[in-house]
Amino acid sequence: MVASVVASAALAVTAPLAHPCRAPLPTGPRVPAPIVLWTNCGAFRLSHAGVVTRLPRHWLAKHGSGTGRRYGADLDIRRSRLGRFLLQLHGRVVWRSANLYPRDGGSVAFGPHAFAFASYRHGIYLTNLRGTERLILPGRGLYPYSFTSSGELIVTGPGTITLVSRAGTILRRFRYRSRNGYGFDEQNDTLYYVTATGRLAAVHGRDEVLQRSMAHIDGMLIVARPNLLVFSSPHSITATTRAGAVIASAHWADRRLNSDAGVAVSPDGRAFAFRLSDARPGSLSGTATVYLLHAGANRAQPVYRHLLGPTGCASGANFGWHGPNLLYSSSDGTLAVFDTLTGAATNLTTLAARLPHRSAGERALAAWRSDFRR
């Protein structure tokens, strides 16, 4: 009898532990549409009925948006140990910089048969990918922001936007107000910014068209769909048309609260979701409230409040719209879906925590299935 007990104990000690990624899948609540969640153990699909299934290996890589670039989407950027830029296509080097830029890498931009990069010490370089790079705009604090469809390069710097031709010559310079920044609509090939005198400006091609006064509007400019602009600051949010007419706005006087998750615009452009939080990087606790601002309103309505756990080095959240439904994912692990028509909320935090994961502190990420490629 004693020998049997000892043998059983030995088996218990030496038996291999089950791999955490092979843990059984939980069951979730019903949701308005399928959601994809992922951890270090892989990706999982939550169906409309609440059934969780494993997705095939590499599913995210196959169905994700890739680099998200309009041009050069299939090119990978590499840097050699000595500081040479390398562009690879399916593992094969198709272009390499003629010079070395050790500890001097900066922002990059891809255009139609073009590539631009910044060197902190020298400035902006441009190549047509058939020849070597050329220094086209010397100076520090410069960034290759984007390319127009005709191949003109938009370079940004402190207070100035420079439009550069394919040949590397300066076509136009525009002054912008730093507190509002700038944004480029790739689909419409239009650049938006607020001038130094406070007017909204739109540049299509090389022509600057001045719109309404933005003199009293704070916040960084964000180009949003459908045909909207959003100005987001730590203490206010303003949505306008592309001509500068105000659609909705919200302000809050409590300086302890910050908008720390950006602004998510509904598909019909009639609702704007954001979050206010009193958390700071490194906070052990805090509070967060999700708000909804409707077109025509000057006050946002709270739709969800929750306590925040430890935030680590960053605090924030992501939003995703699917029709009138809003998916909310907080950096502290809180996950929920809101029906903005009925006000109903479905908490997915427990489900996300029960998914297979490799470490105790790991938090699942989530997005609507419709956000991925088929």
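The values are calculated or read from the model by the stated rules, or taken from the named source; none is laboratory data. Since this is a predicted model, take the numbers as computed values, not measurements. Neighbour counts are summed over all protein chains in view; Cβ atoms, including those assigned to glycine, are modelled from backbone coordinates with ideal geometry. We work out accessible area using only protein heavy atoms, side chains counted, and drop any ligands, DNA or RNA first. Shrake-Rupley method; radii C 1.70, N 1.55, O 1.52, S 1.80 Å.
Does anyone have the angle between helix 2-14 and the longest principal axis of the chain? Alpha-carbon axes, 0 to 90°, nearest 10?
In the chain, helix 2-14 runs at an angle near 10 degrees to the longest axis.
What length, rounded to one decimal in nm, is gained on full extension from Ser65 through to Leu307, with 0.36 nm per residue of separation minus their alpha-carbon distance?
Fully extending the segment from Ser65 to Leu307 adds 83.9 nm.
Could you let me know the centre-to-centre spacing of segment 268-330 and segment 114-170, using Cα atoms, in angstrom?
37 Å
Which order do His306, His19, His216 take by accessible area at a 1.4 Å probe, largest first?
Listed by decreasing accessible area, they come as His216, His19, His306.
Could you state how much accessible area Leu210 has, in square angstrom rounded to the nearest 10, with a 1.4 Å probe and all protein chains kept in place?
Here the accessible area works out near 80 Å².
If His322, His48 are ordered by their accessible area, calculated over protein heavy atoms with a 1.4 Å probe, which sequence runs from highest to lowest?
Largest to smallest exposure gives the sequence His48, His322.
When the chain is fully extended, how far beyond the present Cα-Cα distance does Glu186 get from Arg280, taking 0.36 nm per residue of separation? Let's see the in-between values first.
Working: separation 94, 0.36 × 94 = 33.84 nm, distance 3.38 nm.
Value of the extension gain: 30.5 nm.
Quick one: accessible surface of Asp339, probe radius 1.4 Å, all protein chains present, in square angstrom to the nearest 10.
40 Å²
Could you give the length gained by full extension between His58 and Glu362, i.e. 0.36 nm per residue of separation minus their alpha carbon distance, to one decimal place?
107.5 nm
Whenever you get a sec, compute what percent of the accessible area on the chain sits on carbon and sulfur atoms (1.4 Å probe).
Here it works out to 54 percent.
Tell me, what is the per residue accessible area of the chain in Å², probe radius 1.4 Å?
The answer is 52 Å² per residue.
So for the pair Ala215, Arg79, with labels modelled 7 Å out along Cα→Cβ, what separation do we get in nm?
Output for this residue pair reads 4.5 nm.
Quote the accessible area belonging to Phe174 in square angstrom, nearest 10, computed with a 1.4 Å probe and with ligands, DNA and RNA left uncounted.
About 10 Å², ignoring ligands and nucleic acids.
In what sequence, largest accessible area first, do Val230, Val263 appear using a 1.4 Å probe?
Val263, Val230
Only residues of segment 319-347 count here: report those whose backbone N is under 20 Å from the spot 7 Å along Cα→Cβ of Asp254, or say none.
330-332, 334
When a/c is below 1.5 the answer is rounded, else prolate if a/b is larger than b/c, else oblate, so apply that to the chain with a ≥ b ≥ c taken from the square roots of the Cα gyration tensor eigenvalues. Don't skip to the answer; put the middle values down first.
Numbers: a/c = 2.27, a/b = 1.36, b/c = 1.67.
Oblate, because a/c is 1.5 or more while a/b does not exceed b/c.
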